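Input: a single structure, listed below in C-alpha cells.
Nothing in this text is a laboratory measurement; each read-out follows from the coordinates by a stated rule. All values derive from a computational prediction rather than experimental measurement. For neighbour counting, all protein chains shown are included, and Cβ atoms are generated from backbone atoms with ideal geometry for every residue, glycine included.
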Amino acid sequence: MMDKNSAHKKIIELRRIIEYHNQRYYQQDAPEISDAEYDRLMRELQELEKQYPDDELAASPTQRVGAAPLAKFASFSHPSAMLSLANAFSEEEIIDFDRRLKRLAEVDELTYVAEPKLDGLAVNLIYEKGIFTRGATRGDGATGEDVTQNLKTISLLPLKIKKTGQTPIPDFMEIRGEVYMEKEPFEKLNRRRLAEGEEPFANPRNAAAGSLRQLDSKITARRPLSIFLYGIGIARGADFSTHWEVLQALKRWGFPVNNLIQQCGSIDACIEYFKRIGEIRHTLPYEIDGVVLKVDNLFLQNSLGNIARNPRWALACKFPAQQETTKVIRIDVQVGRMGTLTPVAIMEPVNVSGVMVSRATLHNEDEIIKKDIRIGDTVIIQRAGDVIPEIVKVISENRTGKEKKFKMPANCPECGAEVVRFEGEVAHRCVNISCPAQLKEHIRHFASRGAMDIEGLGEKLSAQLFDAKLIADPADLYFLTKENLLELDRQADKSAQNLIDSITRSKNPPLDKFIYALGIRHVGERTAKLLAERFGSIENLMTAEIEDLTAINEIGPEIAASIVEFFHEPKNKAVMKKFEKAGVIPQKKEISRNAPLAGKSFVFTGALASLGRNDAKDIVENLGGTVQAGVTKKTTYVVAGDDPGSKLDKAKTAGIKIISEDEFLKIIGR
C-alpha cells in the first residue's frame, strides 16, 4: 500500500491521463487506447480516491459517472438573467437590426461575432475557483432546474478549468452553453429504443432535453450528449473587452467552442456568414436552426442594454423552416383574456421537423383574407422559427369547389355578446368584460407562476370555481374558504386546505409580480418591473398620468394609455378595492430620489488606471447615474483616461464637461 504523498501524486497523474483520453475519444474522434485499458485506468483512480479523498474530488473524471436517482430537481436562481433573443427571418430584418444599433450607439460601423444557433437546451454553468460546482437549465431566464449531476456526465464538459499563462481563472464565473445531441448518435439511440420496445424521440433537441432532465443521472450518462459553450454571465476576477476575447479564453481553458464561430467586421459580412452556414446546414453533424449575431464590444453591449426579455445587442437569424402539406378541417375561434378573438386552423395531423402538428393560429381575419385560406383547403405549413406552426400558403390548384370561406362571428362564441373591430385595429374583440372566457383566462393568468404563483390553482380548477359562481374576478380568490372548495367535485380536504394556504401566502407579492398579474393590456413582465421601479407602490401607479408613464424609457403612448385606462375603469377600481379589503398588500419598492448621481450621465473614453470599465459603470449606476456608449446632448461628463479616442474630440466640440480619472473618483467618493 502506497503512502499518502505517493497516492496523491498518482491520483493527479491518473486524472490527467484520463482527461487526455476523454479529449482524444470525444472531441477528436482519435482514441489511442482500448476501452478495456480506459476502464482499467478509471477503476484504479476510483479506488485511490476512495482511500485518499481530496479537495478536488468534484473535478475528477470519476464524478462524471451517474449518481443515485434524485428525488426531484431543485430550482436554481441564475446570478444574472439568461435572456431570450429577438428573431429575424429575412436579410431586411438583419439590416434593420444593424441600422438601429448604429443609431443608438452613435457609431458608423459595428463588429459582430457570428455563430451557429444550435437546436438544443440552454444551460448555465457555475465555476468557483476553477471548479464546476452547479449547473442549471435556462428555465424562465431567472430560475432554472438544477441538473448539476446530469451535466457532470457530459464528457466534453471540463469539471476543472485548465490553467493557462494568458488568462487568469475568475474566482466565480457563469458560463453559458447549449447541450445537444448529434444526428448520428441520435439515430443510433432511437434504433436502440425501438429494439427495446421504447418510444423513439421526435428529434435530437427533444432527446437532449429529455436526457438532461432524467432523475437518474446514470440514464443521462448512457445518452450521447454533447455541449458547446458560447459566452459568460458574471465573471469576478476577469476583465474582457470583447465577446471574441471571451470565446478565445474559453478555448484556452479547455471548453468546447464551436469552430464555425467567426468575427464579422460589418453587417454585410454577417449576411454572407448567414448564407454560407445556411448552405452547409444539412452537412453539419448537429441540428441548427439559424445564426446568432452579437455585438462584439462588451462595453457597447452593456450600454445598449435590453428590451423586455431580449438584449438589444444580439439577434437570432432564423433559417427557413421545414415545410409540409396538410388539409384544413375547420376553423375554430378562441377568446383570450383581453377579449381578442383568434381564429385557429384545425388540420389533419402532420409531422413537421419531428413534431406532430394539427393546429395553427391564423392570427386575425385580415390574415385569412390575405392568404385566402378556406375550410377544406390543402395548405403548406411550417414551424415559424422551427417552433410555432403557421400556414404559409394555400395550394389553390387542389380546390374542388367544396371549400368554404371563413367569416368572423358577429357574436362571441363563449358568451354571445357583440363582437366589434375598433378603428385602426386588426383584432376583433368581445365587448363583454364579464365574458366567461375572458374571466377564466384572466384568473388563470393571475394565479400563474410568473404572476402571483398560487400553487394548485390550475386551468380546470379556475374554471370550476368560476362555473360554480364562487369567483367572478381574481380578488374573489382571497375570500374563498375551505368549505367553498369542498363543495366542488373531486376536492379532498387536504388539497382544499393546501390551496387556501397557497392563496394566503400570495397576499404579499413583489410589486412587479402583482402588476403583471393584473393582466393590463400590453404590460408584460419586463414592463411590470419598470413600473415597479419607477412608482414604488400600486397606489402611485394607479394615479399616474400618461406623461408620467411615457417618461419611462421603454414605455410609449400606447402602453401608457392602456395602463391609465385600466385604472380609470370603474369595475377595475372596484376589484382593486376588494384586493385592499382582502389584505393583499404588494411589497413596496423604495425609490431614492436623492441618489448622489441621479440625473447625471457619463461617457468613458480611454483606459482607466484604477477601475475596469464594467466596474466604473456599476458604480455610476449604483449611485443613480447612467453610462452612455457615445456623447450626446444629454451627457453630463466625459471621463478621459489614458489614450482617449474620438469621443474626447466630440465632447470638446459639443462643449461637454471633460474630467480626469482623479476628478471622477472624487465625484463617486473614492
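Residues Arg138, Arg490, ranked from the fewest to the most other C-beta atoms within 10 Å, line up as Arg490, Arg138.
In this structure, the amide hydrogen of Cys317, modeled 1.01 Å from its nitrogen in the peptide plane, lies closer than 5 angstrom to those of Ala88, Val291, Val292, Leu293, counting only residues at least 5 positions away or on a different chain. Compactness ratio for region 232-379: Cα radius of gyration over 2.2 N^0.38 Å (N = residue count) comes to 1.46.
When only Cα pairs below 8 angstrom with a gap of at least 6 residues are kept, the chain shows a relative contact order of 9 percent. So what's region 436-505 giving for Rg/Rh, alpha carbon basis, Kirkwood Rh from the mean inverse pair distance? Ratio of gyration radius to Kirkwood radius for region 436-505: 0.91. Cross-link partners of Lys600 among lysines, defined as those whose alpha carbon lies under 20 angstrom from its own and excluding same-chain residues fewer than eight positions apart: Lys617, Lys633, Lys634, Lys647, Lys650, Lys652, Lys657, Lys666. So for region 82-160, considering every pair of alpha-carbon atoms, how many percent are separated by more than 22 Å? The proportion of pairs with Cα distances above 22 Å equals 48 percent. For a straight C-alpha distance cut-off of 25 angstrom, the lysines reachable from Lys469 (same-chain residues fewer than eight places away being disregarded) are Lys440, Lys460, Lys482, Lys494, Lys507, Lys571, Lys573, Lys577, Lys578, Lys581.
Under a 5 Å amide H cut-off, with hydrogens placed 1.01 Å from N, Gly524 pairs with nothing among residues at least 5 apart or on other chains. Annotation for region 100-137 versus region 538-602: alpha-carbon center distance of 33 Å. Remark: region 198-209, residue by residue, has Karplus-estimated 3J(HN,Hα) of 9, 5, x, 6, 6, 7, x, 5, 4, 5, 5, 5 Hz, where x stands for each Gly or Pro and the curve is 6.51 cos²θ - 1.76 cosθ + 1.60 at θ = phi - 60°. Using the rule -39500 (n - 2.57) for each DSSP H run of four or more residues, divided by the residues of the chain, the 222 nm mean residue ellipticity is -10500 deg cm²/dmol.
When Rg and the Kirkwood Rh are both derived from Cα coordinates, the Rg/Rh ratio for the chain amounts to 0.99. Under a 5 Å amide H cut-off, with hydrogens placed 1.01 Å from N, Ile234 pairs with Ser80, Glu174 among residues at least 5 apart or on other chains.
For region 99-105, 3J(HN,Hα) computed residue by residue from phi via the Karplus equation (6.51, -1.76, 1.60; θ = phi - 60°) reads 4, 5, 5, 4, 5, 5, 7 Hz, glycine and proline entered as x. Among the GluC sites (Glu not before Pro) within region 72-163, those in coil by DSSP and having at most 12 neighbouring Cβ atoms inside 10 Å are Glu109. By the rule of a C-alpha distance below 22 Å, with chain neighbours fewer than 8 residues away ignored, the lysines paired with Lys393 are Lys318, Lys327, Lys370, Lys371, Lys402, Lys404, Lys405, Lys407. Report, in whole Å, the centroid distance computed from the Cα atoms of region 334-348 and region 605-670. First find each Cα centre; the distance between them is then 52 Å.
Quarter the surface of the alpha carbon convex hull of region 295-368 and you get the mean projected area, 8.0 square nanometres.
Among beta bridges from DSSP that stay inside region 576-670, the antiparallel ones total about 10%. Can you tell me how region 511-582 classifies by the Cα gyration tensor, rounded, prolate or oblate, using a/c under 1.5 as the rounded cut? Verdict is prolate for region 511-582. Backbone geometry of region 112-120 corresponds, through the Karplus equation with coefficients 6.51, -1.76 and 1.60 at θ = phi - 60°, to 3J(HN,Hα) couplings of 10, 10, 10, 8, x, 9, 6, 8, x Hz, x marking Gly and Pro.
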